[in-house]
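**Student:** Below you'll find the structure I mean.
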Amino acid sequence: MENTAAAEPGATGEGDSAVSGAEIQLENVTKRYPGTREPAVGDVTMTIPAGKIVILVGPSGCGKTTTLRMINRLIEPTSGRITIGGEDALRLNPDQLRRKIGYAIQQAGLFPHFTVAQNIGVVPGLLGWDRKRIADRVEEMLDLVGLDPKVFHDRYPRQLSGGQQQRVGVARALAADPPVLLMDEPFGAVDPITRGNLQDELLRLQSALGKTIVFVTHDFDEAVKLGDKIAVLGTGSSILQYDTPEAILANPADDTVAGFVGAGASLKQLTLLRVREVELGEDPVLARLDESPADVRRKLTERNGTYALVLDNRDRPARWVHIRDLGSASSLATAGKPLGDLVSLQSTLQDALEAILAEGGSVPVTGPRGEYAGMIELDTVMATVQRLREEHS
Ligand SMILES: Nc1ncnc2c1ncn2[C@@H]1O[C@H](COP(=O)(O)OP(=O)(O)OP(=O)(O)O)[C@@H](O)[C@H]1O
């Protein structure tokens, strides 16, 4: 077996975080499936910059998967040229090429009769790494994707939740430290909360790894959240617009893109901003769980307030109390009502807006340890939407 890829930069498996991806170029790439009239991919030319996440979005059947799978030659192009890091991918041995390209798909595509560890070790094994190095790498990858090696190492895929399977899928794709990662709706089959977590995880990994990632999705919100650039594709993978999420949201190239971006494009821009980037509002009257209700009532009266935010002994927001609850209350631990939605400094403004709408006003923001960090208000979010609209018009 040839295993020259193991000697390539970026395939060392040393886990060094400075590894950077390779640029991918597609030049006039066409795929015609036998017996079909129109090409599935027609004359596509695009450059995918090194170390960036590029998202392919577009309607079902427009050729996203075909485009992706031509990059690792699971599908052979009918014509055109593809280079990866300047190397002509169509001249390489396809097996050798694929060992340098991680591939993660919907429902993870794990081998059911292999344990988690065996699944992750597949490509390093093919590359001829010795057992010790593979074992170390498997541990490192499980850690990286947030799965405890002691718990998950020997499990079989059927013993994992959908989200855990996806994590193993990502770990397997990254195991040989390939410069390029292709992801085909990798989070398509999990519930929205797990999906959000996996997306956050991918962004965290990417900020450390700097791979070139080509990611296919149907979901424009996912594209906006993850993409450094988004390619909006039409029939035959024709590129309708290829730009940053900000630019596409602000100025869709045509009506088709605008339709795909959907209503509320300026609201979607809120997914690009984090709560820590905007000014927080004025503090409400703050109280401690162990303060006496009478003292808090006095503070509220002095400050003309109606609600106090009660913090626990570690400064974490715990409850709201209304001044009228305080007359009869014996302790703040039971007075008023527990908090509903909270947002953190890391949350997107989109999440903050949802919480504000659910709570009907302003919402407490928490810092890294869950401690109270300030309030975010509807006015701040609306002013931000207005500013974004003006900046991009
Ligand atoms: N093996 C094949 N033989 C013939 N036609 C095919 C084959 N595979 C895909 N196609 C056709 O090529 C076109 C593009 O398919 P592709 O799977 O790339 O689209 P897609 O954008 O990824 O779709 P989806 O979002 O639904 O997964 C479709 O019209 C599809 O029917």
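The values are calculated or read from the model by the stated rules, or taken from the named source; none is laboratory data. Here the structure is a predicted model, which is why all the values come from computation and not from measurement. As a convention, Cβ positions derive from the backbone with ideal geometry for all residues, glycine included, and neighbour counts pool all protein chains shown.
**Student:** Could you identify the single residue in A223, A173, A208 that is within 24 Å of Q25 (Cα to Cα), modelled with pLDDT under 85 and in the same structural domain as I71 (by TED's automatic domain parsing)?
**Tutor:** Selected residue: A208, the only one of A223, A173, A208 that is within 24 Å of Q25 (Cα to Cα), modelled with pLDDT under 85 and in the same structural domain as I71 (by TED's automatic domain parsing).
**Student:** Of everything in segment 207-222, what is closer than 19 Å to T244 by Cα, out of contact with any strand residue (DSSP E or B) (no Cβ under 8 Å at 6 or more places or on another chain) and part of a helix (DSSP H, G or I)? Give them in sequence order.
**Tutor:** Once the filter is applied, which keeps residues that are closer than 19 Å to T244 by Cα, out of contact with any strand residue (DSSP E or B) (no Cβ under 8 Å at 6 or more places or on another chain) and part of a helix (DSSP H, G or I), segment 207-222 yields S207, D221.
**Student:** Looking only at residues in segment 53-89 that are among the polar types (S, T, N, Q) and surrounded by fewer than 23 Cβ atoms within 10 Å (Cβ to Cβ), which one is farthest from the ligand (Cβ to nearest atom)?
**Tutor:** Per the stated criteria, the residue is T83.
**Student:** Scan the helices (runs of 4 or more DSSP H) fully inside segment 309-393 and keep the ones with 1 or more residues being farther than 27 Å from E291 by Cα and free of Cβ contacts under 8 Å to residues at least 24 places away in the same chain.
**Tutor:** 349-359, 378-392
**Student:** Another question, then. In segment 20-39, how many are more than 16 Å from the ligand (Cβ to nearest atom) and within 23 Å of K211 (Cβ to Cβ)? Let's see the steps before the verdict.
**Tutor:** Within segment 20-39, the first condition is being more than 16 Å from the ligand (Cβ to nearest atom), and the residues that meet it are 20-25, 27-28.
Narrowing the set further to residues that are within 23 Å of K211 (Cβ to Cβ) leaves 20-25, 27.
Here the count works out to 7.
**Student:** Right, next: In segment 126-151, which residue that is without any contact (Cβ under 8 Å) to a residue 40 or more places away in the chain and in contact with a Lys or Arg (Cβ under 9 Å, 6 or more places away or on another chain) is surrounded by the fewest Cβ atoms within 10 Å (Cβ to Cβ)?
**Tutor:** Applying the filter and picking the extreme gives L147.
One line per residue, one yes/no per condition, for (1) more than 24 Å from the chain's Cα centre (by Cα); (2) at pLDDT 85 or above; (3) in the same structural domain as V214 (by TED's automatic domain parsing):
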residue	(1), (2), (3)
V122	yes, yes, yes
A135	yes, yes, yes
L142	no, yes, yes
K150	yes, yes, yes
S161	no, yes, yes
Q166	no, yes, yes
G169	no, yes, yes
D177	no, no, yes
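**Student:** I need the full set of residues from segment 40-52 which are within 9 Å of the ligand (Cβ to nearest atom) and either surrounded by fewer than 20 Cβ atoms within 10 Å (Cβ to Cβ) or small (G, A, S) (or both), in order please. Spell out the reasoning first.
**Tutor:** Taking segment 40-52 and keeping what is within 9 Å of the ligand (Cβ to nearest atom), we get 40-41.
Correct list: A40 only.
**Student:** Considering only segment 321-353, state which residues are hydroxyl-bearing (S, T, Y) and over 34 Å from the mean Cα position of the chain (by Cα).
**Tutor:** S328, S330, S331, T334, listed by residue number.
**Student:** Out of all the residues in segment 288-298, which are crowded, with 17+ Cβ neighbours inside 10 Å and either within 42 Å of the chain's Cα centre (by Cα) or among the charged types (D, E, K, R) (or both)?
**Tutor:** Residues of segment 288-298 crowded, with 17+ Cβ neighbours inside 10 Å: 293, 296-297.
If the condition is that a residue be crowded, with 17+ Cβ neighbours inside 10 Å and either within 42 Å of the chain's Cα centre (by Cα) or among the charged types (D, E, K, R) (or both), then R297 is the only one that fits.
**Student:** Could I ask something else about it? Give the residue that is surrounded by the fewest Cβ atoms within 10 Å (Cβ to Cβ), with candidates limited to residues of segment 206-230 that are over 13 Å from the mean Cα position of the chain (by Cα) and farther than 26 Å from G259 by Cβ.
**Tutor:** Checked segment 206-230; the qualifying residue surrounded by the fewest Cβ atoms within 10 Å (Cβ to Cβ) is A208.
**Student:** Return yes when P34 is in a loop (DSSP other than H, G, I, E, B), at pLDDT 90 or above, in contact with a Lys or Arg (Cβ under 6 Å, 6 or more places away or on another chain) and over 12 Å from I82 (Cα atoms) and no when it is not.
**Tutor:** Values: in a loop (DSSP other than H, G, I, E, B): yes; at pLDDT 90 or above: yes; in contact with a Lys or Arg (Cβ under 6 Å, 6 or more places away or on another chain): no; over 12 Å from I82 (Cα atoms): yes.
In short, no.
**Student:** Quick check on this structure: which one of T83, T67, T36 is within 22 Å of G234 (Cβ to Cβ), in contact (Cβ under 8 Å) with a residue 12 or more places away in the chain and among the hydroxyl-bearing types (S, T, Y)?
**Tutor:** Only one candidate passes the filter, namely T67.
**Student:** Still on this structure, I have one more. Tell me the residue from V310, V275, V296 that is within 30 Å of D219 (Cα to Cα) and touching a Leu at 6+ places or on another chain (Cβ under 7 Å), please.
**Tutor:** The match here is V275.
**Student:** With the requirement that a residue be at pLDDT 80 or above, under 21 Å from the mean Cα position of the chain (by Cα) and assigned to a helix (DSSP H, G or I), what does segment 231-269 give you?
**Tutor:** If the condition is that a residue be at pLDDT 80 or above, under 21 Å from the mean Cα position of the chain (by Cα) and assigned to a helix (DSSP H, G or I), then P245, E246, A247, I248, L249 are the ones that fit.
**Student:** With the requirement that a residue be in contact (Cβ under 8 Å) with a residue 40 or more places away in the chain and assigned to a helix (DSSP H, G or I), what does segment 163-188 give you?
**Tutor:** Q165, Q166, V168, G169, V170, A171, R172, A173, L174
**Student:** OK, next. Inspect segment 54-64 for any residue being under 26 Å from P157 (Cβ atoms), at pLDDT 90 or above and of a type outside the set (G, A, S) and give the result as yes or no.
**Tutor:** Checked against the condition, which is being under 26 Å from P157 (Cβ atoms), at pLDDT 90 or above and of a type outside the set (G, A, S), segment 54-64 yields at least one hit.
**Student:** Which one of the conditions (1) part of a strand (DSSP E or B); (2) free of Cβ contacts under 8 Å to residues at least 12 places away in the same chain does R204 fail to meet, given that it meets all the rest?
**Tutor:** Evaluating R204 over (1) part of a strand (DSSP E or B); (2) free of Cβ contacts under 8 Å to residues at least 12 places away in the same chain leaves (1) as the failure.
**Student:** Let me ask something else. Counting just the residues of segment 189-201 that are of a type outside the set (A, V, I, L, M, F, W, C) and assigned to a helix (DSSP H, G or I), which one comes out surrounded by the fewest Cβ atoms within 10 Å (Cβ to Cβ)?
**Tutor:** Taking the candidates together, the pick is P192.
**Student:** Condition test on T83, is it within 22 Å of I71 (Cα to Cα), over 21 Å from the mean Cα position of the chain (by Cα) and of a type in the set (S, T, N, Q)? Quick ask: steps written out before the conclusion?
**Tutor:** Details: within 22 Å of I71 (Cα to Cα): yes; over 21 Å from the mean Cα position of the chain (by Cα): yes; of a type in the set (S, T, N, Q): yes.
Taking the combined requirement at face value, the residue satisfies it.
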